[in-house]
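The values are calculated or read from the model by the stated rules, or taken from the named source; none is laboratory data. All of these numbers come straight from a predicted model, not from anything done at the bench. Positions of Cβ are backbone-derived with ideal geometry, glycine not excepted, and every protein chain shown enters the neighbour counts. Only protein heavy atoms, including side chains, enter the accessible area calculation; ligands, DNA and RNA are left aside. Shrake-Rupley method; radii C 1.70, N 1.55, O 1.52, S 1.80 Å.
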Amino acid sequence: MLTCDICGEEVLLVEDMKTHLLLSHLENDVHCPLCSLSGVSYNELFFHISSAHPEKQLATQGTTDLTVTGVTESQGPQTSQSCSAEDGCDQAGSAAPTGASAVTTDSVRPKQNSTPERGCSSSPEGTGPIAYTATSQSPETRPESVRHREDNTAGFESENNKAKQKRLSSPRKEKLFSCPMCALVCSSCFVLQEHVELHLEEQHSAEGAAVEEWSPAMTSPSASSVSGEKRLECPMCSVVFSDSFSLQEHVELHLDHGAAAGSPGSDLRLATQLQQEEEQRRRREEAQQEREEFKKLQRQFGLDGRGGYRRQMERTMERAVARGHMAPAEFHCKRAEMMESLASGVDDGRTRTQGVVRALYEYYQTDCRDVAHVWLSANTDHYCSSAGDKGWGCGYRNFQMLISCLHGIDTYLPSLQEMAVPSIPRVQSMIEEAWRGGLDPQGASHFNQQLQGTRAWIGATEIYSLLTSLGIRRNDAAEQLARIIDFHQPTGPRDTHPQLFDWVKQYFCQPSRSSRLPPRLIQTSLPPLYLQHQGHSRSVVGLEQKKNGTLCLLVLDPGSPASDTRKLLSRDTVSPAVRHLRKFPSSLKHKQYQVVAVQGVLTAEEKQRSILNSRTLCAERIP
């Protein structure tokens, strides 16, 4: 640790001590401790004290030595002299430090001198204090030659002292350095250099660009980066310093600029502004995320305006032509057939597979060794998705299966009025008509009153609206109108729905209420069940009960291609095809299932009541 002899401050490095002496003591005014003289250099102050105050010193202190101690830098040598006040020694001027050396006045203290002689002495080492020694004698004890010589030279010395005092009374003009970037004025080029470097470092951190040194020739040891030194980083920018004093001055420069730029309370206003900008940015991001998620939902449910069945079919055929899978003549032929089917509102039957339930009945008559009982619905045709509704048309295809079954049941013929199986665009139009009739206003608002020309998915509520508009009673309408059977949560182990299977069994067993054991194979006159779950829907056309009591649904899936379904019609492939239809409880693990079943027709009063009750649809929740 290095200790300053002037103020006692402790520093670690020699460079830090030099900077401390340069900035803390050299810049201070040097003044005479015996009078009001100030603004002079150290050598001039020394000469002033030796020439202007010798009598005062001798009268108050007797025989004393006036010692002035100074601290110099190690760059250059300095001499220490002791001069007689009466001789007016001018060698003090030659004791000034040269080059970059600097001297500060510490104290003026009396020093007892036992030597009665006068003279000048120099310190050969150049590091000791500069001292002035004066010896006092009474006029009676002085020799005659000395008194005579003093009388002869008194006039000359008096004139010389007056000239020197006049010269000292007006301080010598020192060279001043002004900062080119602010109004700072200093007397040291090193202080100016460090000050300008602080300006440049701050400008570099603000602009984010490299700035060259202001004066390569004027480098300071404290500004260089020495490996192993302590590195102190500015808390307000990225500038790094090697000493705490430079860091303090740099931070104060930050604070001075901030105080000059802002008024009281500017920090609070800035913080409030930044908080408001952050809040606005967060709200914009949330709004953008909501819009993106809404667009994803629109694409998922076919409401993004990409066109409906017709447009998707045309694009699919155009891609087939572009890839060489379809000839242009075939494209125009199929497009004409599609337009004719859309104009008539009747499905073209290209995806239909007839005789599916009859084929199942024949299969179970011959091969069902591990099956105790089998219940089948009335004859139902299978409709699979086509290129025009792939990915979104399962609900419409299940409705077509249901209508194909109702056509074979005499009870529903008056309600259908010899209506053929409608095409998908026609089904969309029928749902819109049901909405306009007052059915399911909430569902109508969800689809914005429009389904035609879209790829919107439909579910159990839309099937209910269609059946009610046709005057067909749903199964739940027998006791309470406008309710949907909702298996809203799993009721068995491993997220299964055993109560759903039990309900389906009760549905197919309802025609026979006798206590007698049912036959092993029963084909009922009941329509298939519409089974809806998240993202897909299927039609249940039968139920198996194994000999161990396990129940198994027989399901027709619109997603299965027609080629797989037609395997049921061949005795060679019917067995593996039936395995694809079986759905055990472990296969149905969606969280929620909804079932729609048809049972009878509605009278005019019941239909009107169903329309009124559909304003608020309530599901019969099981359990």
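For the stretch 263-344, which whole percent of the accessible surface, found with a 1.4 angstrom probe, sits on carbon and sulfur atoms?
Solvent-exposed carbon and sulfur of the stretch 263-344 make up 51 percent of the total.
Mind ranking 422-432, 347-357 by how tightly packed they are, going by the mean number of other C-beta atoms within 10 angstrom, highest first?
Averaged packing, sorted descending, gives the order 422-432, 347-357.
With a 1.4 Å probe and all protein chains kept in place, how much accessible area does Arg299 have, in Å² rounded to the nearest 10?
Rounded to the nearest 10, the figure is 120 Å².
Viscosity 0.890 mPa s, temperature 25 °C: give me the Stokes-Einstein translational D for the stretch 285-369 in µm²/s, with Rh taken as the Kirkwood radius over C-alpha pairs.
Here the translational diffusion coefficient equals 143 µm²/s.
For a quick check: with amide H placed at 1.01 Å from N, whose amide H comes under 5 Å from Ile485's, ignoring anything fewer than 5 positions away on the same chain?
When sequence neighbours closer than 5 places are left aside, the close amide H contacts are Val595, Glu620.
If you take the beta carbon distance between Asp572 and Ala322 as r and set R0 to 45 Å, what does 1/(1 + (r/R0)^6) give as a FRET efficiency, to the nearest 0.05?
Efficiency for this residue pair is about 0.75.
Calculate log10 I(q)/I(0) of the stretch 500-619 for q = 0.10, 0.15 Å⁻¹, where I(q) comes from the Debye formula with a single equal point scatterer on each Cα and nothing for solvent.
Taken in order of the listed q values, log10 I(q)/I(0) reads -0.41, -0.87.
For the residue pair Leu176 and Thr491, what label-to-label distance in nm results when each label sits 7 Å from Cα along the Cα-to-beta-carbon direction?
It is 10.0 nm.
Calculate, in nm to one decimal, what Gln273 and Thr603 gain on full extension: separation in residues at 0.36 nm each, minus their alpha carbon distance.
112.0 nm
Suppose the chain between Lys591 and Gln365 were pulled fully straight at 0.36 nm per residue; how much longer would it get relative to their current alpha carbon spacing?
77.8 nm
With the crude spin-label approximation of a point 7 Å out along Cα→Cβ, what separation in nm comes out for Leu13 versus Gln280?
In this crude label model, Leu13 to Gln280 measures out at 4.6 nm.
Show me, for the stretch 236-250, the HN-Hα J-couplings you get by feeding each phi into the Karplus relation (A = 6.51, B = -1.76, C = 1.60, θ = phi - 60°), rounded to Hz, glycine and proline as x.
10, 8, 9, 6, 10, 10, 9, 9, 6, 5, 5, 4, 4, 5, 5
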